[in-house]
């Protein structure tokens with residue numbers, strides 16, 4: 001009886017651990033060769049404030065000086081806050097590295113611009129997440145920078 | 001001998017009185033100085049554009065006044081293809097302000113050779129409703145002075161230059177300017193806004209000699225923002241708008257009274273048009289865009305050729 005109970009508990013534990021693992025991956029869209037960019041964008045967008053709205057790719061491309069085709073999705077707030085979630089999907093890793101550099105420069109310039117204007121937004125910009133994984137670049141400016149970085153890690157690896 | 005102490009006492013009393021009077025005078029002067037300073041900070045002082053010799057309200061405005069019917073612009077507007085198009089206000093400063101009349105809406109390609117210069121409100125316009133084919137040089141805290149001397153624009157070579165410098169080496173047919181909100185707290189509006197904005201216009205003309213320059217008036221703030229008692233208030237904005245109208249007339253550039261589309265009956269920005277009382281919502285920006293689309297100056301073929 002004792003052996004049976006031990007085996008049953010061990011099996012239950014193994015199953016529950018496995019279930020937890022699968023659930024986490026599903027929720028976070030675990031990294032893969034084909035990451036769930038829609039899922040990532042939706043979760044990053046939720047971190048942006050009420051002033052942020054979906055921005056058309058042509059306008060977003062103009063903000064960064066990149067090709068419109070490289071913008072996967074963008075949500076941003078204009079003037080009132082610096083909140084933004086933008087995902088780029090580039091042709092290759094080399095181009096993605098260039099886009100990341102462009103994004104980092106833009107974030108630094110914006111932080112400088114907001115420093116005297118809305119200092120709290122400048123802090124968000126300084127802490128913003130800008131990450132490249134393969135040919136994808138994700139940028140997120142929001143109050144919860146740690147959460148944004150964690151989401152990007154989970155989705156892009 | 002008995003009178004001497006009495007005289008001394010009287011003299012002492014007089015001295016005390018003089019001293020008291022002096023202290024009171026100094027105190028009164030200090031208080032008056034503080035009052036003037038606070039009034040200037042709050043934008044309560046009347047503003048008189050340079051060389052006008054009168055208040056901005058006395059600038060030759062049309063009879064129905066600015067902000068009246070948007071189409072008040074019909075009269076004397078430079079947009080009409082009449083022989084009067086070639087008149088310049090510098091030749092006849094007594095002419096009415098160059099309102100842009102309402103016209104048929106242009107499509108987005110109108111802005112392909114346009115550049116927008118401005119502050120955080122224009123940043124919002126760009127994101128929420130701006131034509132994507134246009135060029136934008138904006139900075140959240142942009143002021144009339146800063147666009148000429150603060151390095152905010154990143155050039156392709158990596159260097160940073162002032163907004164006006166960034167206009168060099170490129171050709172634009174239309175320059176839209178939206179500045180002033182960040183000047184509301186300036187101590188010397190005359191120097192830091194009116195004179196600086198006038199110099200900006202001159203500089204733009206020197207860099208882009210064939211472009212049409214459009215000055216946009218400032219939208220008001222909401223009643224809630226107004227109630228805060230801040231220097232960002234509608235009285236101060238109205239004063240700056242008078243300066244902008246004056247500048248349009250003085251410099252012979254086009255005036256776009258965009259504020260007319262987002263001002264309620266009490267002169268405030270409708271609450272639903274703003275997130276924070278100052279910056280505009282996407283819906284409000286779309287109304288702004290609609291105004292721009294329907295207030296353009298179409299040049300005749302001959303004029304375009306000359307340009």
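Of note:
- Residue match in segment B:122-131 (condition: under 18 Å from the mean Cα position of the chain (by Cα), over 21 Å from residue B:284 (Cβ atoms) and modelled with pLDDT of 95 or more): no
- Segment A:45-56: number of residues that are surrounded by 20 or more Cβ atoms within 10 Å (Cβ to Cβ) and either within 10 Å of chain B (Cβ to nearest Cβ) or out of contact with any helix residue (DSSP H, G or I) (no Cβ under 6 Å at 6 or more places or on another chain) (or both): 5
- Scope segment B:108-121; condition more than 7 Å from chain A (Cβ to nearest Cβ) and over 22 Å from residue B:195 (Cβ atoms); matching residues: B:108, B:109, B:110, B:111, B:112, B:113, B:114, B:115, B:116
- A count restricted to segment B:140-152 and to residues that are more than 22 Å from residue B:188 (Cα to Cα) and within 8 Å of another protein chain (Cβ to nearest Cβ) stands at 1.
- Qualifying residue in segment B:166-173 (condition: away from chain A (no Cβ under 12 Å), in contact with a helix residue (DSSP H, G or I) (Cβ under 6 Å, 6 or more places away or on another chain) and in a strand (DSSP E or B)): no
- Selection within segment B:124-139: residues that are over 18 Å from residue B:217 (Cβ atoms) and in contact with a strand residue (DSSP E or B) (Cβ under 6 Å, 6 or more places away or on another chain). The member of this set that is farthest from the other protein chains (Cβ to nearest Cβ) is B:137.
- Residue count for segment A:63-73 under the criterion of being assigned to a loop (DSSP other than H, G, I, E, B) and either within 11 Å of chain B (Cβ to nearest Cβ) or out of contact with any helix residue (DSSP H, G or I) (no Cβ under 7 Å at 6 or more places or on another chain) (or both): the result is 1.
- Hey, residue B:200 in contact with a strand residue (DSSP E or B) (Cβ under 9 Å, 6 or more places away or on another chain) and not in a loop (DSSP other than H, G, I, E, B) or not: yes
The values are calculated or read from the model by the stated rules, or taken from the named source; none is laboratory data. These numbers were taken from a predicted model, which means no experiment stands behind them. Cβ coordinates were reconstructed from backbone atoms using ideal geometry, including for glycine residues, and neighbour counts include every protein chain displayed.
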